[in-house]
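Below is one structure; the comments refer to it alone.
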Amino acid sequence: MKVCFFSCFDYEAPIIKRWNIDNYDLVILEEQLSIDTVNLAEGSDVVSIFSRDHANAKVLKKISEMGIKCICLRSTGFNNIDLAAATKLNLQVTRVPAYSPEAIAEHAIAMILAISRKLVQANRRVKLKNFSLVGLLGFNLGEKTVGVIGTGKIGSAFIKMLHGFGCKILAYDFEPDLDLATMFDIEYVSLKNIFERADIISLHLPLNDDTYQIINEDGLAIMKNGAIIINTSRGDHIDTKALIKYLANGKISAVGLDVYANEKKYFFKDRSDEAISDLDLVTLLGMDNVLMTAHQAFLTSTALSNIAETTFDNIKNFSEGKANINFLLR
Ligand code: NAD
(Lines give C-alpha, C1' and ligand atoms only; values in the text may rest on other atoms or scores of the structure.)
Protein backbone atom coordinates (compact mmCIF):
# COMPACT_ATOMS: atom_id res chain seq x y z
CA MET A 1 0.00 0.00 0.00
CA LYS A 2 1.41 3.34 -1.06
CA VAL A 3 0.49 6.50 0.86
CA CYS A 4 1.23 9.99 -0.41
CA PHE A 5 1.54 12.71 2.27
CA PHE A 6 1.08 16.29 1.08
CA SER A 7 2.13 19.35 3.16
CA CYS A 8 4.44 17.22 5.28
CA PHE A 9 7.36 19.34 6.47
CA ASP A 10 10.57 18.57 8.35
CA TYR A 11 8.89 18.97 11.73
CA GLU A 12 6.35 16.25 10.93
CA ALA A 13 8.07 13.82 8.54
CA PRO A 14 10.22 11.99 11.16
CA ILE A 15 7.15 11.48 13.35
CA ILE A 16 5.17 10.13 10.38
CA LYS A 17 8.00 7.69 9.61
CA ARG A 18 8.21 6.59 13.25
CA TRP A 19 4.49 5.73 13.35
CA ASN A 20 4.62 3.75 10.09
CA ILE A 21 4.68 0.47 11.97
CA ASP A 22 2.96 -1.43 9.15
CA ASN A 23 5.69 -0.36 6.73
CA TYR A 24 3.54 1.26 4.10
CA ASP A 25 5.35 2.68 1.12
CA LEU A 26 5.44 6.40 1.98
CA VAL A 27 5.77 9.35 -0.37
CA ILE A 28 6.41 12.43 1.77
CA LEU A 29 5.96 15.78 0.03
CA GLU A 30 6.13 19.37 1.24
CA GLU A 31 3.98 20.37 -1.74
CA GLN A 32 0.50 21.69 -1.11
CA LEU A 33 -2.15 19.53 -2.80
CA SER A 34 -3.77 21.45 -5.65
CA ILE A 35 -4.71 20.85 -9.26
CA ASP A 36 -1.07 21.65 -10.13
CA THR A 37 0.44 19.10 -7.75
CA VAL A 38 -2.14 16.32 -7.65
CA ASN A 39 -0.19 14.29 -10.23
CA LEU A 40 2.49 13.71 -7.58
CA ALA A 41 0.07 11.21 -6.00
CA GLU A 42 0.09 8.99 -9.12
CA GLY A 43 0.51 5.34 -8.14
CA SER A 44 -0.63 5.87 -4.54
CA ASP A 45 -3.53 4.09 -2.84
CA VAL A 46 -4.16 6.72 -0.17
CA VAL A 47 -3.58 10.48 -0.06
CA SER A 48 -3.05 12.24 3.25
CA ILE A 49 -3.54 16.00 3.48
CA PHE A 50 -3.44 18.86 5.98
CA SER A 51 -5.57 21.99 6.43
CA ARG A 52 -3.58 24.03 3.85
CA ASP A 53 -4.28 21.55 1.02
CA HIS A 54 -6.93 22.20 -1.61
CA ALA A 55 -9.15 19.13 -1.91
CA ASN A 56 -11.70 20.80 -4.17
CA ALA A 57 -13.99 19.04 -6.69
CA LYS A 58 -11.46 19.24 -9.54
CA VAL A 59 -8.63 17.83 -7.44
CA LEU A 60 -10.83 15.05 -6.04
CA LYS A 61 -11.95 14.07 -9.55
CA LYS A 62 -8.31 13.74 -10.57
CA ILE A 63 -7.54 11.73 -7.44
CA SER A 64 -10.42 9.39 -8.18
CA GLU A 65 -9.31 8.99 -11.81
CA MET A 66 -5.90 7.87 -10.52
CA GLY A 67 -7.64 5.01 -8.72
CA ILE A 68 -7.12 6.46 -5.23
CA LYS A 69 -10.04 5.59 -2.96
CA CYS A 70 -9.14 7.08 0.41
CA ILE A 71 -8.17 10.53 1.67
CA CYS A 72 -6.87 10.81 5.21
CA LEU A 73 -6.95 14.30 6.67
CA ARG A 74 -4.32 14.91 9.31
CA SER A 75 -6.45 17.72 10.71
CA THR A 76 -9.59 18.17 12.80
CA GLY A 77 -11.16 20.85 10.59
CA PHE A 78 -12.36 19.69 7.16
CA ASN A 79 -13.50 22.88 5.44
CA ASN A 80 -10.77 22.40 2.80
CA ILE A 81 -12.31 19.23 1.35
CA ASP A 82 -15.41 19.24 -0.83
CA LEU A 83 -17.32 16.44 0.89
CA ALA A 84 -20.22 16.59 -1.58
CA ALA A 85 -17.79 15.99 -4.46
CA ALA A 86 -16.03 13.23 -2.51
CA THR A 87 -19.39 11.53 -1.87
CA LYS A 88 -20.23 11.53 -5.58
CA LEU A 89 -16.82 10.03 -6.35
CA ASN A 90 -17.27 7.37 -3.69
CA LEU A 91 -14.10 8.37 -1.87
CA GLN A 92 -13.52 7.40 1.73
CA VAL A 93 -12.52 10.41 3.85
CA THR A 94 -11.14 10.23 7.38
CA ARG A 95 -9.82 12.87 9.76
CA VAL A 96 -8.21 13.16 13.18
CA PRO A 97 -11.12 14.36 15.32
CA ALA A 98 -8.98 15.18 18.36
CA TYR A 99 -5.22 15.06 18.56
CA SER A 100 -4.60 17.40 21.43
CA PRO A 101 -7.27 20.02 22.08
CA GLU A 102 -4.99 21.26 24.88
CA ALA A 103 -2.25 22.16 22.37
CA ILE A 104 -4.55 24.61 20.60
CA ALA A 105 -6.10 25.87 23.83
CA GLU A 106 -2.64 26.53 25.30
CA HIS A 107 -1.68 28.50 22.20
CA ALA A 108 -4.78 30.66 22.64
CA ILE A 109 -3.83 31.23 26.29
CA ALA A 110 -0.23 32.01 25.24
CA MET A 111 -1.55 34.62 22.81
CA ILE A 112 -3.70 36.25 25.49
CA LEU A 113 -0.79 36.41 27.94
CA ALA A 114 1.63 37.66 25.30
CA ILE A 115 -0.85 40.46 24.53
CA SER A 116 -1.83 41.21 28.13
CA ARG A 117 1.78 41.43 29.36
CA LYS A 118 3.15 42.94 26.12
CA LEU A 119 5.77 40.20 25.93
CA VAL A 120 6.69 40.70 22.27
CA GLN A 121 7.32 44.41 22.74
CA ALA A 122 9.17 43.83 26.05
CA ASN A 123 11.44 41.19 24.56
CA ARG A 124 12.21 43.36 21.53
CA ARG A 125 13.11 46.19 23.93
CA VAL A 126 15.46 44.31 26.26
CA LYS A 127 17.37 42.85 23.29
CA LEU A 128 18.19 46.49 22.45
CA LYS A 129 19.27 46.95 26.11
CA ASN A 130 16.28 49.20 26.68
CA PHE A 131 15.16 48.21 30.17
CA SER A 132 12.48 50.86 30.54
CA LEU A 133 9.00 49.68 31.57
CA VAL A 134 7.20 52.70 30.18
CA GLY A 135 4.36 51.62 27.90
CA LEU A 136 4.35 48.01 29.12
CA LEU A 137 1.48 48.27 31.60
CA GLY A 138 -0.50 45.03 31.48
CA PHE A 139 -3.66 43.66 33.10
CA ASN A 140 -4.57 40.73 35.33
CA LEU A 141 -6.22 38.05 33.19
CA GLY A 142 -8.18 36.69 36.16
CA GLU A 143 -10.15 39.94 36.41
CA LYS A 144 -11.40 39.74 32.84
CA THR A 145 -14.58 38.41 31.24
CA VAL A 146 -13.74 35.99 28.45
CA GLY A 147 -16.26 35.00 25.77
CA VAL A 148 -15.69 31.53 24.33
CA ILE A 149 -17.39 30.92 20.99
CA GLY A 150 -17.61 27.15 20.50
CA THR A 151 -17.33 24.89 23.55
CA GLY A 152 -16.41 21.58 21.92
CA LYS A 153 -13.09 19.83 22.50
CA ILE A 154 -10.80 22.84 22.12
CA GLY A 155 -13.21 25.38 23.60
CA SER A 156 -13.73 23.26 26.71
CA ALA A 157 -9.97 22.68 27.18
CA PHE A 158 -9.55 26.47 26.89
CA ILE A 159 -12.33 27.04 29.45
CA LYS A 160 -10.63 24.73 31.98
CA MET A 161 -7.48 26.81 31.64
CA LEU A 162 -9.34 30.12 31.93
CA HIS A 163 -11.11 28.84 35.03
CA GLY A 164 -7.69 28.31 36.61
CA PHE A 165 -6.91 31.99 36.05
CA GLY A 166 -10.18 32.95 37.75
CA CYS A 167 -11.81 34.58 34.70
CA LYS A 168 -15.52 35.21 34.36
CA ILE A 169 -16.47 32.92 31.46
CA LEU A 170 -19.26 33.52 28.96
CA ALA A 171 -19.89 30.96 26.26
CA TYR A 172 -21.83 30.55 23.04
CA ASP A 173 -22.51 27.22 21.33
CA PHE A 174 -25.60 25.90 19.60
CA GLU A 175 -25.21 22.76 21.71
CA PRO A 176 -24.40 24.03 25.22
CA ASP A 177 -22.50 21.61 27.45
CA LEU A 178 -24.38 21.87 30.71
CA ASP A 179 -21.93 19.73 32.70
CA LEU A 180 -19.09 21.97 31.57
CA ALA A 181 -21.18 24.99 32.53
CA THR A 182 -21.70 23.70 36.07
CA MET A 183 -18.14 22.50 36.54
CA PHE A 184 -16.47 25.71 35.41
CA ASP A 185 -19.12 28.26 36.29
CA ILE A 186 -19.85 29.24 32.68
CA GLU A 187 -22.73 31.42 31.64
CA TYR A 188 -24.08 30.35 28.21
CA VAL A 189 -25.36 33.46 26.46
CA SER A 190 -26.18 34.69 22.95
CA LEU A 191 -23.48 35.71 20.52
CA LYS A 192 -24.64 39.32 20.82
CA ASN A 193 -24.31 39.15 24.59
CA ILE A 194 -20.73 37.88 24.28
CA PHE A 195 -19.90 40.71 21.90
CA GLU A 196 -21.37 43.27 24.32
CA ARG A 197 -19.87 41.93 27.56
CA ALA A 198 -16.58 40.15 26.88
CA ASP A 199 -13.18 41.78 27.33
CA ILE A 200 -11.59 38.92 25.42
CA ILE A 201 -13.28 36.80 22.74
CA SER A 202 -11.86 33.49 21.52
CA LEU A 203 -13.12 31.38 18.61
CA HIS A 204 -13.25 27.56 18.65
CA LEU A 205 -15.73 26.53 15.93
CA PRO A 206 -15.71 24.54 12.71
CA LEU A 207 -15.79 26.69 9.59
CA ASN A 208 -19.03 26.32 7.66
CA ASP A 209 -21.70 28.55 6.11
CA ASP A 210 -23.09 29.44 9.56
CA THR A 211 -19.75 30.35 11.09
CA TYR A 212 -18.23 32.13 8.06
CA GLN A 213 -17.40 35.68 9.24
CA ILE A 214 -19.18 35.12 12.54
CA ILE A 215 -17.15 38.17 13.56
CA ASN A 216 -18.12 40.93 11.15
CA GLU A 217 -18.76 44.68 11.09
CA ASP A 218 -22.04 44.32 13.04
CA GLY A 219 -20.44 42.29 15.81
CA LEU A 220 -17.32 44.43 16.01
CA ALA A 221 -19.44 47.57 16.31
CA ILE A 222 -21.11 46.37 19.53
CA MET A 223 -18.01 44.94 21.19
CA LYS A 224 -16.61 46.58 24.33
CA ASN A 225 -14.13 49.35 23.77
CA GLY A 226 -10.66 47.82 24.01
CA ALA A 227 -11.84 44.23 23.43
CA ILE A 228 -9.27 41.62 22.44
CA ILE A 229 -10.02 38.90 19.87
CA ILE A 230 -8.17 35.59 19.66
CA ASN A 231 -8.61 33.33 16.63
CA THR A 232 -6.94 29.92 16.63
CA SER A 233 -9.82 28.37 14.69
CA ARG A 234 -10.13 29.36 11.01
CA GLY A 235 -9.33 32.66 9.30
CA ASP A 236 -12.69 32.94 7.58
CA HIS A 237 -14.49 33.25 10.92
CA ILE A 238 -13.49 36.91 10.78
CA ASP A 239 -14.20 39.61 8.19
CA THR A 240 -10.59 40.79 7.89
CA LYS A 241 -11.34 44.21 6.38
CA ALA A 242 -13.79 45.01 9.18
CA LEU A 243 -11.27 43.79 11.78
CA ILE A 244 -8.57 46.07 10.36
CA LYS A 245 -10.96 49.02 10.54
CA TYR A 246 -11.71 48.37 14.22
CA LEU A 247 -8.05 47.72 15.09
CA ALA A 248 -7.12 50.99 13.39
CA ASN A 249 -9.72 53.03 15.26
CA GLY A 250 -8.71 51.45 18.59
CA LYS A 251 -12.10 49.90 19.44
CA ILE A 252 -10.42 46.50 19.29
CA SER A 253 -7.24 46.94 21.33
CA ALA A 254 -5.47 43.84 20.07
CA VAL A 255 -5.92 40.62 18.17
CA GLY A 256 -4.12 37.28 18.36
CA LEU A 257 -4.37 35.43 15.05
CA ASP A 258 -3.05 31.94 14.46
CA VAL A 259 -5.15 31.69 11.32
CA TYR A 260 -5.89 34.04 8.46
CA ALA A 261 -8.56 34.00 5.72
CA ASN A 262 -6.06 33.83 2.85
CA GLU A 263 -3.48 31.75 4.71
CA LYS A 264 -3.31 28.91 2.20
CA LYS A 265 -1.50 31.25 -0.17
CA TYR A 266 1.23 32.18 2.34
CA PHE A 267 1.49 30.14 5.53
CA PHE A 268 3.84 27.19 6.12
CA LYS A 269 6.61 28.61 3.88
CA ASP A 270 9.43 31.11 4.31
CA ARG A 271 8.28 34.07 2.19
CA SER A 272 10.83 36.55 3.55
CA ASP A 273 12.23 37.18 0.06
CA GLU A 274 8.83 37.50 -1.61
CA ALA A 275 6.49 40.43 -2.08
CA ILE A 276 3.10 39.90 -0.43
CA SER A 277 0.30 41.00 -2.73
CA ASP A 278 -2.45 40.50 -0.15
CA LEU A 279 -2.76 44.04 1.20
CA ASP A 280 -4.90 43.01 4.17
CA LEU A 281 -2.14 40.68 5.30
CA VAL A 282 0.47 43.40 4.76
CA THR A 283 -1.66 45.77 6.88
CA LEU A 284 -2.10 43.26 9.69
CA LEU A 285 1.62 42.42 9.76
CA GLY A 286 2.43 46.12 10.08
CA MET A 287 0.09 46.77 13.02
CA ASP A 288 1.53 46.85 16.55
CA ASN A 289 -1.70 45.54 18.06
CA VAL A 290 -1.66 42.38 15.92
CA LEU A 291 0.04 39.25 17.23
CA MET A 292 0.23 36.66 14.48
CA THR A 293 1.48 33.10 14.23
CA ALA A 294 1.29 31.07 11.04
CA HIS A 295 -1.19 28.29 11.96
CA GLN A 296 1.09 26.97 14.66
CA ALA A 297 -1.34 26.15 17.46
CA PHE A 298 -1.29 22.43 16.65
CA LEU A 299 2.50 22.28 16.60
CA THR A 300 3.47 20.32 19.71
CA SER A 301 5.23 16.98 19.79
CA THR A 302 2.24 15.42 21.57
CA ALA A 303 -0.19 16.67 18.90
CA LEU A 304 2.00 15.55 15.98
CA SER A 305 2.46 12.14 17.51
CA ASN A 306 -1.30 11.75 18.03
CA ILE A 307 -1.98 12.94 14.47
CA ALA A 308 0.42 10.35 13.05
CA GLU A 309 -0.92 7.52 15.23
CA THR A 310 -4.57 8.22 14.29
CA THR A 311 -3.75 8.74 10.61
CA PHE A 312 -2.04 5.33 10.40
CA ASP A 313 -4.99 3.76 12.27
CA ASN A 314 -7.27 5.30 9.64
CA ILE A 315 -5.08 3.99 6.80
CA LYS A 316 -4.98 0.52 8.35
CA ASN A 317 -8.75 0.41 8.76
CA PHE A 318 -9.16 1.45 5.13
CA SER A 319 -6.72 -1.23 3.94
CA GLU A 320 -8.56 -3.87 5.96
CA GLY A 321 -12.02 -2.60 4.93
CA LYS A 322 -12.94 -1.99 8.57
CA ALA A 323 -15.37 0.53 10.03
CA ASN A 324 -13.78 3.59 11.51
CA ILE A 325 -15.10 6.16 13.97
CA ASN A 326 -12.97 8.80 12.24
CA PHE A 327 -14.89 8.56 8.97
CA LEU A 328 -16.18 11.77 7.45
CA LEU A 329 -17.28 9.62 4.49
CA ARG A 330 -17.09 5.90 4.13
P1 NAD B 1 -15.49 20.43 18.11
O2 NAD B 1 -16.32 19.86 17.02
O3 NAD B 1 -15.12 19.56 19.26
O4 NAD B 1 -16.23 21.72 18.71
C5 NAD B 1 -16.85 22.69 17.91
C6 NAD B 1 -18.02 23.29 18.69
O7 NAD B 1 -18.61 24.29 17.87
C8 NAD B 1 -19.11 22.27 19.03
O9 NAD B 1 -19.40 22.34 20.41
C10 NAD B 1 -20.32 22.71 18.19
O11 NAD B 1 -21.56 22.51 18.83
C12 NAD B 1 -20.03 24.19 18.01
N13 NAD B 1 -20.63 24.75 16.81
C14 NAD B 1 -20.53 24.28 15.53
N15 NAD B 1 -21.18 25.08 14.69
C16 NAD B 1 -21.74 26.07 15.45
C17 NAD B 1 -22.53 27.20 15.13
N18 NAD B 1 -22.91 27.48 13.88
N19 NAD B 1 -22.93 28.00 16.15
C20 NAD B 1 -22.56 27.72 17.43
N21 NAD B 1 -21.79 26.67 17.78
C22 NAD B 1 -21.39 25.85 16.79
O23 NAD B 1 -14.22 21.03 17.39
P24 NAD B 1 -12.80 21.35 18.07
O25 NAD B 1 -11.96 20.13 18.10
O26 NAD B 1 -13.02 22.11 19.34
O27 NAD B 1 -12.15 22.30 16.94
C28 NAD B 1 -12.68 23.58 16.65
C29 NAD B 1 -11.97 24.14 15.43
O30 NAD B 1 -10.63 24.49 15.75
C31 NAD B 1 -11.80 23.15 14.25
O32 NAD B 1 -12.97 23.05 13.47
C33 NAD B 1 -10.66 23.77 13.48
O34 NAD B 1 -11.18 24.69 12.53
C35 NAD B 1 -9.88 24.56 14.55
N36 NAD B 1 -8.52 24.00 14.78
C37 NAD B 1 -7.44 24.82 14.64
C38 NAD B 1 -6.16 24.31 14.86
C39 NAD B 1 -4.92 25.18 14.75
O40 NAD B 1 -3.80 24.63 14.68
N41 NAD B 1 -5.02 26.48 14.73
C42 NAD B 1 -6.00 22.96 15.20
C43 NAD B 1 -7.13 22.16 15.34
C44 NAD B 1 -8.40 22.68 15.12
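For this structure, a couple of remarks:
- Filtering Ile112, Ile104 for residues that are in contact with an Asp or Glu (Cβ under 9 Å, 6 or more places away or on another chain), among the β-branched types (Val, Ile, Thr) and modelled with pLDDT of 95 or more leaves a single hit, Ile104.
- Members of the range 247-270 found to be among the hydroxyl-bearing types (Ser, Thr, Tyr) and under 20 Å from Ile215 (Cβ atoms), listed by number: Ser253, Tyr260
- Residue tally, condition in a helix (DSSP H, G or I) and either within 15 Å of the ligand (Cβ to nearest atom) or β-branched (Val, Ile, Thr) (or both), over the range 149-167: 10
- Taken together, the residues in the range 18-62 that are without any contact (Cβ under 8 Å) to a residue 40 or more places away in the chain and not in a loop (DSSP other than H, G, I, E, B) amount to 15.
- Of Asp45, Asp36, Asp10, Asp22, all but one fail to be closer than 12 Å to Ile315 by Cα, among the acidic types (Asp, Glu) and surrounded by fewer than 16 Cβ atoms within 10 Å (Cβ to Cβ); the exception is Asp22.
- Output for the range 89-124, where each listed residue is of a type in the set (Lys, Arg) and either within 15 Å of the ligand (Cβ to nearest atom) or more than 23 Å from Ala294 (Cα to Cα) (or both): Arg95
- Filter result (within 15 Å of the ligand (Cβ to nearest atom), buried (at least 18 other Cβ atoms within 10 Å of the Cβ) and farther than 21 Å from Pro101 by Cα) within the range 197-236: Ile214, Ile215, Gly219
The values are calculated or read from the model by the stated rules, or taken from the named source; none is laboratory data. Given the structure is predicted, the values throughout are model-derived calculations rather than measurements. All Cβ positions, even for glycine, are placed from backbone atoms using ideal geometry, and neighbour counts span all protein chains on display.
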